[in-house]
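Asks: Quick one: this structure, given as structure tokens, is what I'll be asking you about.
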Amino acid sequence: MATAVTKSKNAQSREPRGLTGRQKAAVLCLTLGSETAAKITQRLAPDEAEAISFEMARLDSVPTDVVESVLGEWLEYTLAIDSLSMGGLEYAREVLEKAFGSQRAGSILKRIQHQLADTAGLQRLRRADPQQLGGMFRHEHPQTIALVLAHLEPQQTAAVIKELDPAIGSEVIYRMAKMEKVSPEMLQLIERSLGSEADLGLQEGMSNSGGPAAAAAVLNFTPATLEKQLLDGVAAKDAALCEQIKNLMFVFEDLTALDDRSLQRLLREVDAKQLSLALKAASDELRSRIMGAMSQRAVEALKEEMDMMGPVRLRDVEVAQSAVVAQVRKLEEAGEIVLAGASDEFI
């Protein structure tokens, strides 16, 4: 332990402040070796693992002092979290002060507490019912709503926006799309306006939330009728931004762009009744494309199911289409299918 602590003290003056959290994680994984790195990334969400793998691929060589500094910071956090789990805040403070001194210990604990608060606050919001959140936001300013929803998962955000007036919803989507970095001071103001139950937790640095891609991800989970209303509202304010969001979206009709292997993989995951309902309002081109990827027997069963349904509500069709799109996104995140954008090139 004495050797490790000495390393950490030496690292203090060389803390890699220019590195992002992802870059530090990449340096750590490279330092620990491929087997340990694989065990770490297996515990991450797919997008987190992909982001860190991307940073690892970008790293050619890392200076020794940077490696030592990252390892020292990792040691500090590991020691802090272990101490918190064993004996609470005061025990952790005592251990850290013995290892790093009172000033450094206070700084480490502050960062850890902020991160723990962030996780707890977001978890409370993520467990909340969309109707409950919609009611809570009903009298809030669209900027406040956008700042909060930008920290939630796209599917939950879409469900909350469905509870809002479309005019407010379009304003929220617009502000989410325009959002870049969020300061901890701004999050502090949000917490005070919403009350302690909506605790978001604060981070030391600027929080990356929102942007056109985040808005597009939310709209992918929104029924087509509402989606059009929201995009029309954005276009009225900024036509170029609206077009940018549309280019980042994947909608049900985009299934025509899937390659045969990806389409067949998707069809294995989609319920036949759900697919029949989703195709009720689909274009002839998409129907032909999907049926072309199915066996003759499966096509006959699909047509029979669609005929037996008779007239259906547009709202039900949109829900079914959204479910299929959600499955597409799930398979893409798992790396099982590829969504090719207009500018993508393959060899």
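Asks: Please work out which one of (1) over 13 Å from Ala320 (Cβ atoms); (2) among the β-branched types (Val, Ile, Thr); (3) in contact (Cβ under 8 Å) with a residue 40 or more places away in the chain is the condition Thr256 fails and give its number.
Replies: Against the list (1) over 13 Å from Ala320 (Cβ atoms); (2) among the β-branched types (Val, Ile, Thr); (3) in contact (Cβ under 8 Å) with a residue 40 or more places away in the chain, Thr256 comes up short only on (3).
Asks: Residue by residue through segment 143-163, note down the ones that are over 18 Å from Asp47 (Cβ atoms) and open to solvent by 20 Å² or more (accessible area, probe 1.4 Å).
Replies: Gln143, Thr144, Ala159, Lys162, Glu163
Asks: Hey, can you tell me all the residues within segment 27-62 that are closer than 16 Å to Gly335 by Cα and among the small types (Gly, Ala, Ser)?
Replies: Across segment 27-62, the qualifying residues are Ala45, Ala49, Ala51, Ser53.
Asks: Residues that are surrounded by fewer than 16 Cβ atoms within 10 Å (Cβ to Cβ) and at pLDDT below 85: which helices (runs of 4 or more DSSP H) entirely in segment 278-347 hold 2 or more of them?
Replies: 314-333
Asks: So, one more: Kindly establish whether Val182 is of a type in the set (Val, Ile, Thr), buried (at least 18 other Cβ atoms within 10 Å of the Cβ) and modelled with pLDDT of 80 or more.
Replies: No; evaluated as a whole, the condition is false for this residue.
Asks: Could you grab the pairs with beta carbons closer than 9 Å, sequence gap of 6+ or different chains, first residue in segment 50-66 and over 11 Å from Val27 (Cβ atoms), second one among the β-branched types (Val, Ile, Thr)?
Replies: The qualifying pairs are Ser53/Thr41.
Asks: In addition: I need a count of the residues in segment 229-255 that are at pLDDT 90 or above and either in contact with a strand residue (DSSP E or B) (Cβ under 6 Å, 6 or more places away or on another chain) or closer than 25 Å to Lys280 by Cα (or both).
Replies: Total meeting the criteria: 5.
Asks: Now a separate question. Taking into account only those residues within segment 240-277 that are open to solvent by 40 Å² or more (accessible area, probe 1.4 Å) and of a type in the set (A, V, I, L, M, F, W, C), which is nearest to Pro311 (Cα to Cα)?
Replies: Ala272
Asks: Which of (1) closer than 30 Å to Arg175 by Cβ; (2) touching a residue at least 40 places away in the same chain (Cβ under 8 Å) is the odd one out, the single condition Ala278 does not satisfy?
Replies: If we test Ala278 against (1) closer than 30 Å to Arg175 by Cβ; (2) touching a residue at least 40 places away in the same chain (Cβ under 8 Å), just (1) comes out false.
Asks: So, one more: Sort out which residues of segment 290-323 are among the basic types (Lys, Arg) and more than 26 Å from Ala158 (Cβ to Cβ), and write them in order of number.
Replies: Correct list: Arg297, Lys303.
The values are calculated or read from the model by the stated rules, or taken from the named source; none is laboratory data. A quick note: this is a predicted structure, and the numbers were derived from the prediction, not measured. Glycine also receives a Cβ, built like all others from the backbone with ideal geometry; neighbour counts cover every protein chain displayed. Side chains included, ligands, DNA and RNA excluded: accessible areas come from the protein's heavy atoms. Shrake-Rupley method; radii C 1.70, N 1.55, O 1.52, S 1.80 Å.
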